[in-house]
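What follows is a single structure, written as structure tokens, with notes after it.
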Amino acid sequence: VRTYLSSSIPGELLEASQPFTKNGKLADYIPELLKADPNALGIYVMRPDGKRSWAGDCSQKFTIQSVVKPILLLLALMDNGIEAVRSQVGVEATGKPFDAINAINTNEKALYSEHLNPMVNMGAILMCTLIHGDTYQEKFDRLLALTRTLAGNPDIVVDEAVYQSEKATGSKNRALAYLLKTYGMIQGDVEEVLDCYFRACSIQVTCKDLAKIAHIFALHGAHPVTREQLFPVEYAKYVNATLA
């Protein structure tokens, strides 16, 4: 354990991992993401005691994409409680791709929701409807504010170019959202729900931001420095268990 937590480890991991970046492929389902640097790689490690070490491109910004889903789930829990959220989305892994259309042959909302979970697109889109706010702009603003708080970074913003690209090409997500509407699980304007989701996925972060967010979940909602409880322990456990 002592060796693993050494400050030199991120650099060693980076050096060992860098050659494998050439085996990857840039996401092409959102055209703007094709502009990303495929060689960018950063590692940021935070220990339970708050000490940290890092290497590589840790300050380079990128869009959060699906990593926003645990934060969406957290805010839905904070606004509604576990029982209400659980009545809308399940916790079981789908065994399908993140953007799969998980339709089943039933019109029963309760049964249908069992086949969704918050870590796939369909469940995450539904969770945008559970966030409190008079408008979807207000809902998103609250999500952005929570992300900034968890990351300890008030300068986190939306990458407008990626947001516009997502909005222009999000046909699959539109299909998912309108299917939810068909089952009566989305009320109101589907496009407003989708706009909130597209903006959420376009929040711009760094490795450091994500490490800080994950650190707070690992500490069950406690701030690593002040030890202030930012959200209830049971919500952290729920999110962590759903991720697992």
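The values are calculated or read from the model by the stated rules, or taken from the named source; none is laboratory data. Not measured: the values here are computed from a predicted model. Don't worry about glycine lacking a Cβ; one is built from the backbone with ideal geometry, like all the others, and counts go over all protein chains shown. Accessible surface is based on the protein model in full, side chains and every heavy atom, while ligands, DNA and RNA are left aside. Shrake-Rupley method; radii C 1.70, N 1.55, O 1.52, S 1.80 Å.
So which of Thr206, Thr242, Thr226 is of a type in the set (Ser, Thr, Tyr) and without any contact (Cβ under 8 Å) to a residue 24 or more places away in the chain?
Values: Thr206 fails: without any contact (Cβ under 8 Å) to a residue 24 or more places away in the chain; Thr242 fails: without any contact (Cβ under 8 Å) to a residue 24 or more places away in the chain.
Thr226 is the lone residue from the list that is of a type in the set (Ser, Thr, Tyr) and without any contact (Cβ under 8 Å) to a residue 24 or more places away in the chain.
Only one residue in Ala236, Ala211 is over 24 Å from Ala100 (Cβ atoms), in contact with a strand residue (DSSP E or B) (Cβ under 6 Å, 6 or more places away or on another chain) and open to solvent by less than 30 Å² (accessible area, probe 1.4 Å). Which one?
None of the others qualify; the one that does is Ala211.
Identify all residues within the stretch 54-93 that are over 22 Å from Ala27 (Cα atoms), among the polar types (S, T, N, Q) and modelled with pLDDT under 95; write none if there are none.
Residues satisfying the conditions are Ser87, Gln88.
Would you confirm whether any residue within the stretch 141-149 is open to solvent by less than 20 Å² (accessible area, probe 1.4 Å) and either touching a Lys or Arg at 6+ places or on another chain (Cβ under 7 Å) or at pLDDT below 95 (or both)?
no
Would you say Thr135 is among the hydroxyl-bearing types (Ser, Thr, Tyr), free of Cβ contacts under 8 Å to residues at least 60 places away in the same chain and farther than 13 Å from Ile71 by Cβ? First the steps, then the outcome.
Values: among the hydroxyl-bearing types (Ser, Thr, Tyr): yes; free of Cβ contacts under 8 Å to residues at least 60 places away in the same chain: yes; farther than 13 Å from Ile71 by Cβ: yes.
Answer is yes for this residue.
Say whether the condition of being in contact (Cβ under 8 Å) with a residue 12 or more places away in the chain, in contact with a Gly (Cβ under 6 Å, 6 or more places away or on another chain) and over 30 Å from Glu138 (Cα atoms) is met by at least one residue in the stretch 4-22.
yes
Go through the stretch 161-186 and count every residue that is buried (at least 19 other Cβ atoms within 10 Å of the Cβ) and within 16 Å of Ser202 (Cβ to Cβ).
6
With respect to Val205, determine if the residue is buried (at least 17 other Cβ atoms within 10 Å of the Cβ), of a type in the set (A, V, I, L, M, F, W, C) and touching a Ser or Thr at 6+ places or on another chain (Cβ under 6 Å).
Values: buried (at least 17 other Cβ atoms within 10 Å of the Cβ): yes; of a type in the set (A, V, I, L, M, F, W, C): yes; touching a Ser or Thr at 6+ places or on another chain (Cβ under 6 Å): no.
Considered against the rule, which asks whether it is buried (at least 17 other Cβ atoms within 10 Å of the Cβ), of a type in the set (A, V, I, L, M, F, W, C) and touching a Ser or Thr at 6+ places or on another chain (Cβ under 6 Å), Val205 comes out as no.
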